[in-house]
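The values are calculated or read from the model by the stated rules, or taken from the named source; none is laboratory data. For clarity, every value in this text was computed on a predicted model and none was experimentally measured. Note that each Cβ is placed from the backbone with ideal geometry, even for glycine, and that neighbours are counted across all protein chains shown.
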Amino acid sequence: TRAHIGVTGLAVMGRNLARNLARHGYTVAVHNRTPSRTKALMEEFGHEGTFVPAETARDFVDALQRPRRLMIMVQAGAATDAVIDEFAPLLESGDMIIDGGNAHFADTRRREADLRERGIHFVGAGVSGGEEGALNGPSVMVGGSKEAYAVLGPMFETISAHVDGEACSTHIGSDGAGHFVKMVHNGIEYADMQLIAEAYDLLRQVAQYSPAEIAEIFRTWNKGRLNSYLIEITAEVLSHTDADTGRPFVDVVADAAGQKGTGRWTVQTALDLASPVTTIAQATFARAASGQSALRTAYRPLPGGMHIPKTRSEAERFTSQVEQALYASKVIAYDQGFTMIQDAALTYGWDIDFGAVAGIWRGGCIIRAAFLDRIRTAHKAAPDLVSLLAEPGFAEEITAAQVPWREVVATAARRGVPAPAFAAALSYYDTLRADRLPAALLQGQRDYFGAHTYRRTDRQGAFHTHWAHPDRPETDV
Ligand code: NBP
């Protein structure tokens, strides 16, 4: 029997995806550069389904049904190129290489163009949900050709997570679109996590609640509109007690956040696209700032804000304001992410169904949340929706939340509690709702020092003022 699909790269992700496929009845060829991993998979999990272990690249390729479907789950970057270079010469026209790793979308675009010339479909698939998702149902964001998705889609839709009977896998768009959307997913994840962390910090420092009490607050919030995987696990982490010291776990963890890079890619790419993903950027910079230990030592002696203890009823009122601020900021963070995908779709010619993107993020991935169902509905109802805030339901909620949102950001500033993501989200809201922006002054400055010209509100054309002789008539250039 020939295999329906082959997986090469059998570290945690590849092994679990191969098992997921086999458990769903597919015959899966398995291969790894170091054969011991293949052997280990067969020994431990071989009974779970039909696997065809292959030691050499040739055996692996020969084990596959045509058109061949070969999935790569190796380290992103040079390792992925090395594996493509090894296998592509063994493939035939019409075969498919799927890269399920965390590739940068620009690499995926390059690889797709290169392999397309050789008649091979290259499918960059963003796989979210970590090892657990890979095994039990990930969210899969698939790029590449429609023809390839027609063949691979049923397979991805079978092994992906499901919400209300719908699969969390879809064809996002051509070439790098799948990996792009996965990257933005991770950027939104950074923002979501940072916003939750800021909410915790404010509840702790301003309202003086203990981690266990804050865990209870998050549990309550998780029953409402903030219902999400991240809120749920936050409550778990906050209620955890360190076994060694008996102290809250969150108090014994070093406060320097790590990052593997996809949040950073989102921000770097956003700069290139001129997409103002400020909340995602602040979340990424907040992680970077937390790791600047020398700077933190230098700043630590400097004065902070006013300490005004809150009474119990004030603390309760503040808690409800923080819920509003968290929700409003979250809507902004997601809106920024979707805007960035829209900007990229225009730049790269991707025809993206935003409702479908929100739909496949409802399950299997880290940002899964009840809220995504509403985003999906909003985009399905109005496929040209420019912003979530253009949808009456969201607009109404933000209108209701804006006063408490401002109160929370102002309280954070007065008390000296850092809330960079809350503040960035609010500034973004105020920037985009402003009648007039001081960008007009920037244009004046640019024209002054660099003769960069400006447009006028009352006439067509590009103008330059002779700043050395401002009374001379401006030139229409
Ligand atoms: P790793 O990213 O740790 O990569 C290990 C695998 O790459 C092994 O199979 C290793 O083979 C293989 N490999 C390397 Br390294 N260099 C190679 C080369 N030059 N030629 C052939 N094979 C090579 O594995 P992972 O943690 O399972 O992740 C796999 C992919 O999935 C990565 O792109 C990762 O970024 C992504 N990922 C996604 C998530 C998620 O939540 N979506 C989570 C974790 C990882 P060896 O056994 O011979 O050394």
Just give me the residues in segment 3-47 being polar (S, T, N, Q) and either touching a residue at least 60 places away in the same chain (Cβ under 8 Å) or over 20 Å from ASP59 (Cα atoms) (or both), in sequence order. THR8, ASN16, ASN20
Could you say which residue among ALA423, ALA439 is of a type in the set (Gly, Ala, Ser) and surrounded by 13 or more Cβ atoms within 10 Å (Cβ to Cβ)? ALA423
Against the definition (among the small types (Gly, Ala, Ser), surrounded by fewer than 16 Cβ atoms within 10 Å (Cβ to Cβ) and more than 10 Å from the ligand (Cβ to nearest atom)), how does ALA88 come out, yes or no? no
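Yes/no per residue for (1) part of a helix (DSSP H, G or I); (2) on the phi > 0 side of the Ramachandran plot; (3) not assigned by TED's automatic domain parsing to the domain that holds ALA370:
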site	(1), (2), (3)
VAL127	no, no, yes
ALA134	yes, no, yes
VAL140	no, no, yes
GLY144	no, yes, yes
GLU147	yes, no, yes
ALA150	yes, no, yes
PRO154	yes, no, yes
GLU157	yes, no, yes
THR170	no, no, yes
For segment 7-39, which positions are more than 10 Å from the ligand (Cβ to nearest atom), closer than 19 Å to GLY133 by Cα and not hydrophobic (A, V, I, L, M, F, W, C)? ARG19, ASN20, ARG23, HIS24, GLY25, TYR26
Pairs, first more than 8 Å from the ligand (Cβ to nearest atom) in segment 67-79, second basic (Lys, Arg), C-beta under 8 Å, six or more apart: none
